[in-house]
Amino acid sequence: MDQLSQTFSALADPTRRAILAKLASGAATVGEIAEPFDMSLPAVSRHLKVLTEAGLIERSTEAQWRRCALRGEGFRAAADWMEFYRRFWEQQFDRLDAFLKSTVPTPAKGKRRARRKP
């Protein structure tokens, strides 16, 4: 699987997105990450493995603790891919806006539109 697909696959799971949100406030141990989830430590570790393989987090060992932290570089490919399409759609909307502005009828000078009687 290519890196971009691996990144989006990792981001597709809500538990993994919640883990990333937790890590956005700073590095945390596996136990701290697992705390809010109703799942076993091995299940959390499997999620962390997917995030690590996708390059979204990095894991380190400090004494007996395993810490995890966000890896900003891992998000770059996904951010670049989304930015390309954001610019594409922005250009499309700009073209649509220009087209719509060019099709607005302008009232003829000196003529007033007749008012309808109720």
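Scanning region 51-66 for residues that are of a type in the set (A, V, I, L, M) and either loosely packed, with under 10 Cβ neighbours inside 10 Å or not in a helix (DSSP H, G or I) (or both) returns Ala54, Leu56, Ile57, Ala63. Under the condition of being of a type in the set (D, E, K, R) and in contact with a helix residue (DSSP H, G or I) (Cβ under 9 Å, 6 or more places away or on another chain), the residues counted in region 36-66 number 4. Is region 67-75 home to any residue that is in a strand (DSSP E or B), more than 19 Å from the chain's Cα centre (by Cα) and at pLDDT below 90? There is no residue in region 67-75 that is in a strand (DSSP E or B), more than 19 Å from the chain's Cα centre (by Cα) and at pLDDT below 90. Search region 1-15 for residues being part of a helix (DSSP H, G or I) and not polar (S, T, N, Q), and hand back the single one that is surrounded by the most Cβ atoms within 10 Å (Cβ to Cβ). The selected residue is Ala10.
For region 88-112, the tally of residues that are assigned to a helix (DSSP H, G or I) and more than 30 Å from Val50 (Cβ to Cβ) stands at 14.
Each residue in region 67-78 was checked for being touching a residue at least 12 places away in the same chain (Cβ under 8 Å) and exposed (fewer than 12 other Cβ atoms within 10 Å of the Cβ), and 1 of them qualify.
Selection of region 44-66 for residues being of a type in the set (D, E, K, R) and either touching a residue at least 40 places away in the same chain (Cβ under 8 Å) or within 18 Å of Ala18 (Cα to Cα) (or both) yields Arg46, Lys49, Glu53, Glu58, Arg59.
The values are calculated or read from the model by the stated rules, or taken from the named source; none is laboratory data. Note that this is a predicted model, so its numbers are computed, not measured. Note that each Cβ is placed from the backbone with ideal geometry, even for glycine, and that neighbours are counted across all protein chains shown.
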